Amino acid sequence: MLSHASGKSRGRIAVAVAGVTVAAGLTLSGTGGKAQAAGPVHPAAAQSGGPGTISTVAGGVGGPGPGRQVAINFPCGVNVSAGAVYIGDGLVQELKPGTDWLTTQAGGVRRAAVIPGEPVDLGNDGPAADAVTSACGVALDKSGNLVIADQLNGSVRVVAAHSGSFYGMQMTAGHIYTIAGVGRIGRTDGNGGPATKAVLSQPADVAVDSSGNVVLTDSGNPNTGIPAQVQVVAATTGNFYGQHMTAGDIYNVAGNGHILKASGDGGPAVKAGLGATIGQVRIDSDGNLVLADTSGNSIRVVPVKSGTFYGQQMTAEHIYPVAGTGTAGFSGDGGPATQAKLNGPLGVTADSGGNLLIADSSNDRVRLVAAKAGTFHGQQVAAGDIDTIAGCEPGCAVGDGGPALKARVTMPDAVAVDASGDVIVDERGEGRVSDDRRVRAIAASSGHLYGQNMTAGDIYTIAGNGTLGLSGNGGPALRAVMITSSSRMAVDSDGNVVVAAGENNRLRVVPASSGRFYGVQMTAGRIYTVAGGGCFPYCGDGGLATHAGMNFPDGLAIDADGNLAVADEGNNRVRVVADTTGNFYGQHMTADHIYTVAGDGKQGSSGDGGPATKAELSVVSGLAVDRDRNLIITDDGSNRIRVLAATTGNFYGQHMTADDIYTIAGDGTSGFSGDGGLGTNAELAAPKDVASDGDGNVIIVDQGNSRIRVLAGSTGNFYGVAMTTGHIYSIAGNGSKGFSGDGGPATGAEFDFPAAVALDSHGNVIIADQNNNRVRVIAEADGTFYGVPMTTGNIYSVAGDGLAGYSGDGGPATKADLLEPAGVAVNGAGALFVADNYRVRKITG
């Protein structure tokens, strides 16, 4: 059924692109394996094998390598132990003592989204390097085991340093195990029961006390009324924190689990109220628990014995504020810490002198509470007083290499102090384009530290390149960090995989062979940026694509001339990177430069029947090129499918003028109606992606309706349905959200957030069924495809077992774990590529 568009450029012939391209009828030398050959393969990865085999071809954890070259994406925990800096950023990263060398200690993939009730394969009892993690707080216990607050998975997990028995279970060195929580978030009162049966909310941090017990801060959820608590997993049986504890059980030591605000100061900690959010917990030199009560805008202490601490008389197991008034704000520097205002403090630690260091997160500062009078971290402070040691007024420069007090410190999440007295702070940053996602050190003394020369009192980046999920440019694709929730893909006729990395605001390419593509000299198996990286949110039209600024690029299409079209979603535009110099879309274009071909930047739905560049678009999310070279656009925000006409003529039952824009499906109302009638009279709901087949039909991912629909490009029988030009029909999905129907008629199946669609050379329709963690196929003909026997018109899973995770490389794709696949594409050799959120994976057969 599938025919192909004509036209050539550098050997490229392509059709049907959205999260998707089919490179038409080509034998692609090197496509089957070269992209995997460069660089070390992930421990779980393997070369492509037989039919239905899955492997990883791009994307990894970013290391090992120099820390300042690796993306630190979601920094929310930092600790120093045995001389090394440990960073929780979804993964657990280790910065080696005295060097700038960063390695990943746990997590083969970060888990960045939570779907309540969704089963997740976390990789427990297996190698830590393959596990799914959402690590924040990290600590080492006295056996050298790595203890992790796995926040979004509602667990506390341990990576064994040596094989043996720890926390009541047998462990293998290098493997990961859950010691508290059940792998999902919620809250049940597990107090006094087995820790592995307790349902935790969102454990944010961990510490290990002198008895080996694991102390954790379990943040709550204001939306569900769950307050935070501090809990202890007992390592041995005995009396701790005023309670008798049994090894392996979990106990509340602060927070009553009922009151969703700070309360109870001066009384028993277990009866006190904590806010919905609590950050770091640390154990000071006296064994007291020091807490960052984020929602309570204070630092609080639970003493393990009665005495005088932080200038106050305290009773064992009671709770006391030592900094912050409880009211959000910024004030008090130079005066008593208990009279100062903090704003959402997430981090706290104590230095060797007993001073407290605070990550005053929403104030963008690091502050000091002095244990006694003196000069500490460059500030002269009286006992019990507070002062700022890093951070400046909003709008100041990042300030690396200069005084910490003049540097911008953006949303510091956690603090630690190393053996030399340097203050280590992680910065979460803000927004998609923040350059502040990094871990930095405030030097206590001058010298060569963390691979660079430092001056006392100045601040330096020691890990993270500042970006969200972007590193490895020009290096091995399997080492590149590519965090994005979009990851739409296309494969061009040279076999190169093009990825729209949404949050990165860039287009990246993994070449199948060495050569010059999109204006960049490339080596097979490495990864390169070919567009984006300039100013934000929009700039660069008419100039080099690599100098342009984009705002969440999403759908991709490669036209018959080899030009790369991108849905610049946040800018409400469609832009084109020209493959060669010539006239395209009514404009003269220069090779490797970028141009807007549709959208004036305003969000809306006006302009039909007029020039595409003067029309309004709304959240453009998918693109495709039809057999007549027209550019198909999913105008997601206006619930329409629109067309940029390549030539003047009749298409989809309408007369169109070249370079003008027209609606071909959707009346602008979100809903479901119109099957069998004119596409322009139908209702769509958040159409997410499109593809176009050789008969000119437009395949639509009608995401909000959990259906795949077709707008007929001509009259005839397609996908088992008699169709009329310009009319719309459902070919898959019964409208219910869920998972069912495999092996049966596609129209009876359920989808859950279908995200992207592709066509292969057999005419099969390939769907990224995102929340079902599967890739599914509607068979166009009887046969075996991707290792699965199929019957015409029926639907089948070809990748993913339904569990969210990352596993299965080298084995059958249907037994692999996927993590919210967001894009699909097929190359000319018949290999299926899947954007498995953080990686590009390949299915052969």
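Some notes on this structure:
- Cut-off under 5 Å, modelled amide H: who pairs with Ser298 long-range: Asp293
- Carbon plus sulfur fraction of accessible area for the chain, probe 1.4 Å, in percent: 50
- Check: the chain dipole with +1 on Lys, Arg Cβ and -1 on Asp, Glu Cβ, in debye: 740
- Each helix, a run of at least 4 DSSP H residues, gives -39500 (n - 2.57); summed and divided by the residues of the chain, these come to 0 deg cm²/dmol at 222 nm.
- D (Stokes-Einstein, µm²/s), Kirkwood Cα radius, the chain, 1.002 mPa s at 20 °C: 77
- Heavy atoms of Glu317: accessible area, 1.4 Å probe, square angstrom to 10: 60
- Net charge, Ala382 excluded, C-beta distance under 13 Å - Lys, Arg +1, Asp, Glu -1: -2
- For the stretch 499-603, applying the loop criterion from DSSP together with a ceiling of 16 other beta carbons within 10 Å to the trypsin sites (Lys or Arg not before Pro) yields Lys602.
- Estimated at the nearest 10 Å², the accessible area of Leu819 is 10 Å² with a 1.4 Å probe.
- Cα convex hull, the stretch 742-817: 83 Å³ per residue, rounded to a whole number.
- Under 5 Å, built H, 5+ apart or other chain: amide partners of Val199: Thr188, Gly190
- Debye, to nearest 20: dipole size of the stretch 342-458, +1 on Lys, Arg Cβ, -1 on Asp, Glu Cβ: 20
- Residue pairs, from the table Lys261/Lys341; Lys372/Lys406; Lys271/Lys305; Lys688/Lys737, whose Cα atoms sit over 20 Å apart: Lys372/Lys406
- Sorting Ser420, Ser263, Ser706 by solvent-accessible area of protein heavy atoms yields Ser420, Ser263, Ser706, largest first, with a 1.4 Å probe.
- Across all C-alpha atoms in the stretch 442-596, the radius of gyration and Dmax reach 18.0, 62 Å.
- Heavy atoms of Phe74 accessible to a 1.4 Å probe, total area in Å² rounded to 10: 70
- With all protein chains kept in place, the per residue accessible area of the stretch 644-731 amounts to 30 square angstrom at a probe of 1.4 angstrom.
- For the stretch 48-184: rounded, prolate or oblate by the Cα gyration tensor [a/c cutoff 1.5]: rounded
- Dipole of the chain, positive direction: furthest Cα of Thr327, Gly677, Asn837, with charges on the beta-carbon: Asn837
- Net charge dipole, the stretch 358-408: roughly 80 debye, given to the nearest 20, about the Cα centre with Cβ charges of +1 for Lys and Arg and -1 for Asp and Glu.
- The H on the amide N of Gly540, modeled in the peptide plane, is under 5 Å from the matching H of Gly549, each at least 5 residues off or on a different chain.
- Cα-only Debye scattering, the stretch 166-302: base-10 log of I(q)/I(0) at q = 0.12, 0.16 Å⁻¹: -0.43, -0.76
- Three-way shape call for the stretch 528-653 based on the alpha-carbon gyration tensor, with the a/c threshold at 1.5: oblate
- Whether the stretch 642-726 is rounded, prolate or oblate, judged on the alpha carbon gyration tensor where a/c under 1.5 counts as rounded: oblate
- Shape metrics for the stretch 597-700, restricted to C-alpha atoms - Rg then Dmax, Å: 12.3, 34
- The listed peptides 811-817, 698-704, ordered by packing as a protection proxy, come out as 698-704, 811-817 (highest mean of other Cβ atoms within 10 Å first).
- Hydrodynamic radius (Kirkwood) for the stretch 349-402, which is based on Cα pairs only, to one decimal in Å: 11.8
- Under 11 Å, Cβ to Cβ, from Asp218 - net charge with Lys/Arg +1 and Asp/Glu -1: 0
The values are calculated or read from the model by the stated rules, or taken from the named source; none is laboratory data. Quick caveat, the model's predicted, so the values are computed rather than measured. For neighbour counting, all protein chains shown are included, and Cβ atoms are generated from backbone atoms with ideal geometry for every residue, glycine included. To get the accessible areas, we keep the full protein, side chains included, count just its heavy atoms, and leave off ligands, DNA and RNA. Shrake-Rupley method; radii C 1.70, N 1.55, O 1.52, S 1.80 Å.
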